[in-house]
Amino acid sequence: MSKIASNLQIDSARLWDTIHETAKFGATAKGGVRRLTLGPEDKQVRDWFRNACEAAGLDVHVDALGSMFGLRKGRDMTKPPVGLGSHLDTQPTGGKFDGVLGTLAALEVVRTLNDAGIETEIPICIVNWTNEEGSRFAPAMMASAAYVGDFTTENILSRRDAEGVTVAEALDSIGYRGAVAVGTQKFASFVELHIEQGPILEAEGKTIGVVDSGQGVLWYDGKITGFESHAGSTPMRLRRDALATLSEIVLAMERIATTHGPNAVGTVGEAVIANPSRNVIPGEIAFTMDCRSADAAIMDALDADLRAAIAEIAARRKVDVTLDLVWRKPPTHFDAKFVDTVENVAGALGYSHRRITSGAGHDSCNLNTIMPAAMVFVPCKDGVSHNELEDATQADCTAGANVLMHTVLALAGVAS
Ligand code: GLV
Ligand code: MN
Ligand code: MN
């Protein structure tokens, strides 16, 4: 814990208000948020965030991939800041908390420190990372991946969405292609608050998840080429049906992930039939696959087993199947000392807690490859996320933001 007594608390009502105020940008009828990265609603929330950062006295800049940085001066400006934040983009049927909580809690930490007149020893810098979700452009967490050097900026700028729009064009269309080169803003370390997006904390009645690891991710683009023919006159034995093939692939993936469980998962989240028609046997399908495990050896086994199963299905059904690995993110092991720090802070603030593995990917998983990073989880209702019904309590969000603030104070120090 920092020298600041644990009775310094964030302003719970103010945090809650900002979460609900920004949820208006892309609000859906079912109470969720649709704010695809670099779209018009993302511009609205970004403008809101920039204004809020400037009003809080932060020095704001935007990098060449649109990530937003708000720097709060510390006593010693020769040192890089402690970073904190998350993302403001959402899934197509997303909720109010995924990413938003961590970004707005970071803003709330700054506001609270301002109100209390607290200067940190080293600066702190709050961040809104571009395209954490990976729904419009793949891969997920692309801006932080470029930040740590996994991709060049040019590579990411040339990625296209389903309509063929590049990241560069999307950034320009909302005026968020910044002048600052990716990676210019250095950090001493990074801390991210997030909802758990799974059922563990709620089931165990724990307030804080001390995240010690994160699952690795395999993302594939698949294509099945069968043969289009008449739905009425083509005998079953002569068909080369791309959709029937995909059905077998999905079930094989489900079986393989279950076999490698309990800590392996697999999902086919997108499938598009080319030229669909009720009375044409599907001849071509494009699909995506997302497989995850916290164990690198299990990730390799998933990959090998999937490929073997797909080869067998394709040969038997006389169709072509291609499966391209478009992204492989190894499992994350968060910095041990930082994990201890989060755990100590949660304990000192009197919150129940447990260590936990993140099922979701996060920008902090990328950042952890070049700097010590840490994550704080809070429960979400029924473990539901990537859904408009995603929900979390004000008390839990407040607890998480307090742990975030005191962790940042422990890392940044308080100027004497
Ligand atoms: C990001 O939301 C992910 O897919 O884990
Ligand atoms: Mn998220
Ligand atoms: Mn998400």
- Message: Classify region 166-261 from the C-alpha gyration tensor, please: rounded if a/c falls under 1.5, else prolate or oblate depending on whether a/b exceeds b/c.
- Response: oblate
- Helix 100-116 vs. the chain, principal-axis angle (Cα, 0 to 90°, nearest 10): 0
- Task: Using 0.36 nm per residue of separation minus the Cα-Cα distance, give me the extension gain between Arg237 and Ala348 in nm, one decimal.
- Result: 33.2 nm
- Item | Most positive-pole-ward Cα, Pro282, Gly198, Asn366, against dipole of the chain from beta carbon charges | Pro282
- Cut-off under 5 Å, modelled amide H: who pairs with Cys380 long-range: Glu196, Gln197, Gly198, Glu202
- Would you work out if the chain is rounded, prolate or oblate? Take a ≥ b ≥ c from the square roots of the eigenvalues of the alpha-carbon gyration tensor; rounded if a/c is under 1.5, else prolate when a/b is larger than b/c, oblate otherwise. prolate
- Note on the structure: Here the residues of region 279-294 lying in the modelled label zone of Ala162, meaning backbone nitrogen under 13 Å from a point 7 Å along Cα-to-Cβ, are 286-288
- Message: Can you return the aspartates and glutamates within cross-link range of Lys73? Criterion is Cα-Cα under 20 Å, with same-chain partners fewer than 8 residues away left out.
- Response: Glu54, Asp59, Asp63, Glu108, Asp115, Glu119, Glu121, Glu192
- Message: For Cα pairs less than 8 Å apart in space and 6+ apart in sequence, what is the mean separation divided by the residue count of the chain, i.e. the relative contact order in percent?
- Response: 25
- Item | Those lysines that a straight Cα-Cα span of less than 17 Å connects to Lys381, excepting residues fewer than 8 apart in one chain | Lys30, Lys96, Lys206
- Nearest-20 debye value, region 11-103 charge dipole, Cβ charges on Lys, Arg, Asp, Glu: 80
- Going by how many other beta carbons lie within 10 Å of each one, how would you line up Asp396, Asp150, Asp17, fewest first? Asp17, Asp150, Asp396
- Using R₀ = 22 Å, calculate the FRET efficiency as 1/(1 + (r/R₀)^6) where r is the Cβ-Cβ separation of Val414 and Ala13; round to 0.05. 0.30
- Between Arg355 and residues 5 or more places away or on another chain, the pairs with built amide H atoms under 5 Å apart involve Val210
- Query: Say the dipole of the chain comes from +1 at the beta carbon of Lys and Arg and -1 at that of Asp and Glu; which of Thr103, Gly400, Met236 then lies farthest toward its positive end?
  - Reply: Met236
- Item | Cα-based helix-to-principal-axis angle, 242-259 vs the chain, degrees rounded to 10 | 50
- Honestly region 86-162 on the Cα gyration tensor test (a ≥ b ≥ c root eigenvalues; a/c under 1.5 rounded, otherwise a/b vs b/c for prolate or oblate) is just oblate
- Message: If I stretch the segment between Ala116 and Glu248 completely, what's the gain in nm (0.36 nm per residue apart, minus their alpha carbon distance), one decimal?
- Response: 41.5 nm
- Task: Sort Leu246, Leu104 so that the residue with the fewest other Cβ atoms within 10 Å of its own Cβ comes first and the one with the most comes last.
- Result: Leu246, Leu104
- Message: Order these by the 10 Å Cβ neighbour count, fewest first: Met142, Met371.
- Response: Met371, Met142
- Long-range amide H partners of Asn387 with built H, under 5 Å: Gly95
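Read-outs: derived from the displayed coordinates by stated rules, not from any lab. Every value quoted in this text rests on a predicted model; they were computed, and no experiment measured them. Here the Cβ is made from the backbone with ideal geometry for all residues, glycine too, and neighbour counts use every protein chain on show.
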